Amino acid sequence: MTPGAQSPMALAFDLSFTHTEGRWNVPGSWTGADYPDLHMFTELARTAERGGIDMLFFGDGVGIPDTWENSADAAVKWGISWPRHDMSPIIAALGQATSKIGFGLTYSSTYMHPFYIARLLNSLDHVTNGRIAFNVVASARTSDAANYGFDQLMNHDMRYERMEEFIDVCQRLWDSVEPDAIVRDHTTGIFADPAKVHRLDHHGKHFHVRGPLPSVPSPQGKPVLVQAGSSPRGIRASAAFADIVFGSGGHHASQKRHRSELNTALQNAGRDPASVGILWAIQVVLGASRSEAVARREEMLGMLPMEGVGAYLSYNTGFDFSVLPRSFVLGELRASIVAAQGTQSGFVDRLISDRGAESRLSRDEFFDEGWRYSTGYDQTIAGTASEVADEMAEQFEVTGSRGGFMISNPLRTPGAVGDVVDYLVPELRARGLRSDDYVGSTLRSNLLGSSLQK
Ligand SMILES: Cc1cc2nc3c(=O)[nH]c(=O)nc-3n(C[C@H](O)[C@H](O)[C@H](O)COP(=O)(O)O)c2cc1C
């Protein structure tokens, strides 16, 4: 690529689950350090920055999974999706150890208040000098709900309605102090221009916020906005405000469907479909040879016992799969999940797209497939750097060459992150899919500049 040219393919690491679902116990992982050791995260951030990675991303969930058998015991015992710390102080520290890589963090619009989040993200954008993204989630998990005083999940579509109002309030708070409002005139003693600092007086269905934000505008003005929900209503929310979408990857048919539904929703919202990319989740295991990588991937099958799989799947769907009968029809299972206000995407959606809604499955078949899904085995591409780069280039092309990848859930921490930087990134650069260095100083310019039409 010519110097200064934008990378066509955005690249981020999702480090949400480096230590859960048995990864903490994989030989060579977290050696000599325990989550949430700051030195480990600092090493990961510096390594990723050495490879020109656009963003380190942290999803979140605030409850210990307890959907399976209505108990947290299995999740506690096997370390399923817990422990999880609030990453904002850790990101503030990582911002001081790096200068170019960005950071994505997650908060729930169902449980948090937009005033608090708008103010927090403004401060983090200052501390990192313009390198923050906000992944807003609707939260599909009952254990999260219970920690914020709800005994059941809020209606699925209502969560998205609330999300849209939440983001609207945040946007207006970030705009409430104009970029040149702060004068700091030492001669007159005037600090700021009142004509450029605005109240919101927002009175909506879910929030009442007077404003303005009592903060100095941040380097990016507002964080990069990310949204992952992929039901029809979730996609409509993405189309309303997302700068970039986080999508479940590894399955060309559902990826193409997600891309095409997002295109339609963006058009309906009056936005250009070419202006919003999708970061597809991808899991990779690299090796010097294909056989070495495949052997490493086999380690994943020993990571989780069946009880852990049940806890993982039930939590992520918002539906207790321990009650499954010996045999059932997939479409009927989906209807039960919808009735329970669970997520309409994910594992069951994938089964339906592979087998059809009319298919009948036994309970054993369901958990056997669920085991390979929960460990990430099925979704993991094992191969040499060149083979993995081939697959990424193909996925990128079939989904419209917009956005890029969220390399998720490294099997060994920190070694797997180093492998991507040292072996995979050079392959992508050689194909012209990545530039040799960061092209801008903010996360917005690096992550969104890539393949998108502005
Ligand atoms: C790739 C991906 C990443 C997600 N990350 C999170 C997360 O970190 N925390 C969370 O609470 N929900 C997360 N979700 C859940 C979504 O935000 C959403 O609540 C869920 O998918 C249900 O909405 P839907 O029915 O529109 O898909 C994620 C979903 C996807 C597909």
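Listed here are the residues, each with its yes/no results for (1) closer than 22 Å to Thr442 by Cα; (2) surrounded by 14 or more Cβ atoms within 10 Å (Cβ to Cβ); (3) of a type in the set (Phe, Trp, Tyr).
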site	(1), (2), (3)
Pro194	no, no, no
Val197	no, yes, no
His203	no, no, no
Arg210	no, no, no
Ser230	no, yes, no
Ala239	no, yes, no
Ile244	yes, yes, no
Gln255	no, yes, no
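Would you check if there is a residue in region 204-219 being within 14 Å of the ligand (Cβ to nearest atom) and in contact with a helix residue (DSSP H, G or I) (Cβ under 8 Å, 6 or more places away or on another chain)? No: zero hits. The condition (being more than 22 Å from the chain's Cα centre (by Cα) and either more than 16 Å from the ligand (Cβ to nearest atom) or surrounded by fewer than 20 Cβ atoms within 10 Å (Cβ to Cβ) (or both)) is satisfied by just one residue among Gly370, Gly383: Gly383.
Please state which one of Arg429, Arg434 is outside any helix (DSSP H, G or I), touching a residue at least 12 places away in the same chain (Cβ under 8 Å) and farther than 25 Å from Glu21 by Cβ.
Numbers: Arg429 fails: outside any helix (DSSP H, G or I).
Answer to the check: Arg434.
Which one is nearest to Leu448 (Cα to Cα) among residues in region 274-295 that are of a type outside the set (A, V, I, L, M) and either buried (at least 18 other Cβ atoms within 10 Å of the Cβ) or within 16 Å of the ligand (Cβ to nearest atom) (or both)? The selected residue is Gly277. Summed over region 239-257, residues that are assigned to a helix (DSSP H, G or I) and near the ligand (Cβ under 9 Å from one of its atoms) total 0. Just checking, which of Ser123, Ser139 is small (Gly, Ala, Ser), more than 13 Å from the ligand (Cβ to nearest atom) and touching a residue at least 12 places away in the same chain (Cβ under 8 Å)? Unique residue meeting the criteria: Ser123. Condition check for Lys196 on (1) modelled with pLDDT of 95 or more; (2) within 16 Å of the ligand (Cβ to nearest atom): one failure, at (2).
The values are calculated or read from the model by the stated rules, or taken from the named source; none is laboratory data. From a predicted model like this one, the values you see are computed outputs, not experimental measurements. All Cβ positions, even for glycine, are placed from backbone atoms using ideal geometry, and neighbour counts span all protein chains on display.
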